[in-house]
Amino acid sequence: MKHIGALLGVVSVLLIGNTRAWAQHAHADLLVGSDSDGSGNLVIDYPVDERPVVRVTDSGFPGVFTSTDPGFMPAQDEPLESVYELNLNTQVEFEITDIDPNVSLQLGITPLDSVGDVAVVGTHDNSDPELSGLHTHPTFQLILTPPAPDVFAEGTFSFRVREGTTGPGYGDSSIHKLTLSNGYLPPLEPANEDDAKAARKCRKGVAGQMKKLVAKEYDLLSKCLDKIFAVEQLGGSLSAAVKACDIDPLNDSGLVGKLAAARTKAITKLDDVCDRDVPSSFAPFAANNVKTHLGMGSCRAEELAGSTNNSALDEIAETLSECEDGLCVAGPNKGMACTTPDNCNPEGVEAAVAAVFPCLVASHGE
């Protein structure tokens, strides 16, 4: 699970009925069928490899991001793809098989927050997919604590469907994994040529600023880590490393100060090229959407830095916890008397670095 600047609290899914036209669902929903006619295992016909992300957007409630797609829909016979319509009166259940620690789902009033939790999707009781009780749409919720309308966040969960209390004895489906993210921008649907022209201009601007921001963050993190390497291996200056890695937001020349300036500059530039007064068809580039999108770029830059240096977070925290000349060099105890780094609250410094760079994670393995 990833997030920038806030803790990810809950991801919930409320399964509710929906009556959208079947024609609008062409492979947009999770089609539930079986791999044999009247028997076999349940299958979910959906391009998970192509669309593994559920894009959630600002709901209007502080810190709550939602989506109602993809939904569930009964599959129809597609013998060439080994997908068959379920027998009528087959009940389908939804089971959690894996879930991030701070992620939960909810069906009605029933919370689903642990591996093995199960909820009923519906019963396939009509051959018309639109009228079937299996035709349901979830409301996916991504909730930030504390609330924030423009902070990037994402979380994953895995699931499968299985036969409920009625049916011919279908086996369980394969396990599928989805990611909820508020960092993806929706497709453009401009109402007219003027809107299209404005949207193209803004989209080009967003792409340009994303490129600059990702490059800037990766460059600054790399310079910080290079300075640390110089201290550890080449007898370099500790003060130079502390300056390059400083996470004090009040220090404009430190790592976090420079990143904050880069993010502010990106948003300011986009305000110049994105017209906020165009109709709702231009909503993809609302200010909050753009900020969460840029936040996703920052997260990816941190992941890249972490993949290059597997101990990046630990090294930054250790550097900012050093005791030199009897004083703590950085962190919450900066300037306080010390005899060892333990006097400089290394645990607190590590927590502070992790809070600032939540996507700067290490891999496991020799």
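The values are calculated or read from the model by the stated rules, or taken from the named source; none is laboratory data. Keep in mind that this is a model prediction, so the values were computed, not measured. Every residue, glycine as well, gets a Cβ built from its backbone with ideal geometry; the counts of neighbours run over all protein chains shown.
Can you list the strands (runs of 3 or more DSSP E) found entirely within segment 131-220 that contain at least 2 residues being touching a Leu at 6+ places or on another chain (Cβ under 9 Å) and among the basic types (Lys, Arg)?
Details: elements: 136-145, 153-163, 176-181.
Filter on segment 131-220 gives 153-163.
Scanning segment 207-243 for residues that are farther than 15 Å from ALA312 by Cβ and hydroxyl-bearing (Ser, Thr, Tyr), we see that the one that is surrounded by the most Cβ atoms within 10 Å (Cβ to Cβ) is SER239. Checked against (1) hydrophobic (A, V, I, L, M, F, W, C); (2) under 21 Å from GLY155 (Cβ atoms); (3) surrounded by 14 or more Cβ atoms within 10 Å (Cβ to Cβ), VAL92 passes all but condition (2). Residues of segment 219-243 that are more than 19 Å from GLY295 (Cα to Cα), modelled with pLDDT of 90 or more and not aliphatic (A, V, I, L, M): LYS223, CYS224, ASP226, LYS227, PHE229, SER237, SER239, LYS243.
Counting only residues that are part of a loop (DSSP other than H, G, I, E, B) and among the hydroxyl-bearing types (Ser, Thr, Tyr), which one in segment 91-118 is nearest to the chain's Cα centre (by Cα)? Taking the candidates together, the pick is SER104. Within segment 128-149, being hydrophobic (A, V, I, L, M, F, W, C) and closer than 25 Å to VAL290 by Cα holds for PHE140, LEU142, ILE143, LEU144, ALA148.
Candidates in segment 297-354 are the residues that are charged (D, E, K, R) and closer than 30 Å to VAL206 by Cα; of these, the one that is surrounded by the fewest Cβ atoms within 10 Å (Cβ to Cβ) is GLU303.
Here is a yes/no grid of residues against (1) closer than 23 Å to ASP35 by Cβ; (2) of a type in the set (Val, Ile, Thr); (3) not assigned by TED's automatic domain parsing to the domain that holds GLY164:
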| site | (1), (2), (3) |
| --- | --- |
| TYR84 | yes, no, no |
| ILE99 | no, yes, no |
| LEU105 | no, no, no |
| ASP113 | no, no, no |
| GLY116 | no, no, no |
| THR123 | yes, yes, no |
| ASN126 | yes, no, no |
| LEU131 | no, no, no |
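Sub-8 Å Cβ pairs linking a first residue in segment 345-358 that is in contact (Cβ under 8 Å) with a residue 24 or more places away in the chain to a second residue that is of a type outside the set (A, V, I, L, M) and in a helix (DSSP H, G or I), at least 6 apart or interchain, are PRO346/GLU318; GLU350/ASP314; PHE357/GLU302; PRO358/CYS299; PRO358/GLU302, ordered by first then second residue.
Listed conditions (1) over 17 Å from ILE228 (Cα atoms); (2) modelled with pLDDT of 90 or more are all met by GLU318, apart from (1).
Taking the condition surrounded by fewer than 20 Cβ atoms within 10 Å (Cβ to Cβ) and either more than 24 Å from the chain's Cα centre (by Cα) or at pLDDT below 80 (or both), does ASP246 pass? Give the derivation first.
Details: surrounded by fewer than 20 Cβ atoms within 10 Å (Cβ to Cβ): no; either more than 24 Å from the chain's Cα centre (by Cα) or at pLDDT below 80 (or both): yes.
No.
Report those strands (runs of 3 or more DSSP E) wholly inside segment 22-90 carrying at least 1 residues which are at pLDDT 95 or above and among the β-branched types (Val, Ile, Thr). Spell out the reasoning first.
On the way: elements: 30-36, 39-45, 53-55, 64-67, 72-74.
Per the criteria, 30-36, 39-45.
Against the numbered list (1) surrounded by 14 or more Cβ atoms within 10 Å (Cβ to Cβ); (2) of a type in the set (Val, Ile, Thr); (3) modelled with pLDDT under 80, ILE109 comes up short only at (1). For segment 158-168, state whether one or more residues are in the same structural domain as GLN91 (by TED's automatic domain parsing) and over 18 Å from PRO74 (Cβ atoms). Yes: segment 158-168 contains one or more residues that are in the same structural domain as GLN91 (by TED's automatic domain parsing) and over 18 Å from PRO74 (Cβ atoms).
Is one or more of the residues making up segment 271-289 of a type in the set (Ser, Thr, Tyr), at pLDDT 90 or above and either assigned to a helix (DSSP H, G or I) or surrounded by 14 or more Cβ atoms within 10 Å (Cβ to Cβ) (or both)? No, because not a single residue in segment 271-289 is of a type in the set (Ser, Thr, Tyr), at pLDDT 90 or above and either assigned to a helix (DSSP H, G or I) or surrounded by 14 or more Cβ atoms within 10 Å (Cβ to Cβ) (or both). Of everything listed in (1) in the same structural domain as LEU259 (by TED's automatic domain parsing); (2) of a type outside the set (D, E, K, R); (3) touching a helix residue (DSSP H, G or I) at 6+ places or on another chain (Cβ under 8 Å); (4) in contact (Cβ under 8 Å) with a residue 40 or more places away in the chain, the single unmet condition for ALA362 is (1).
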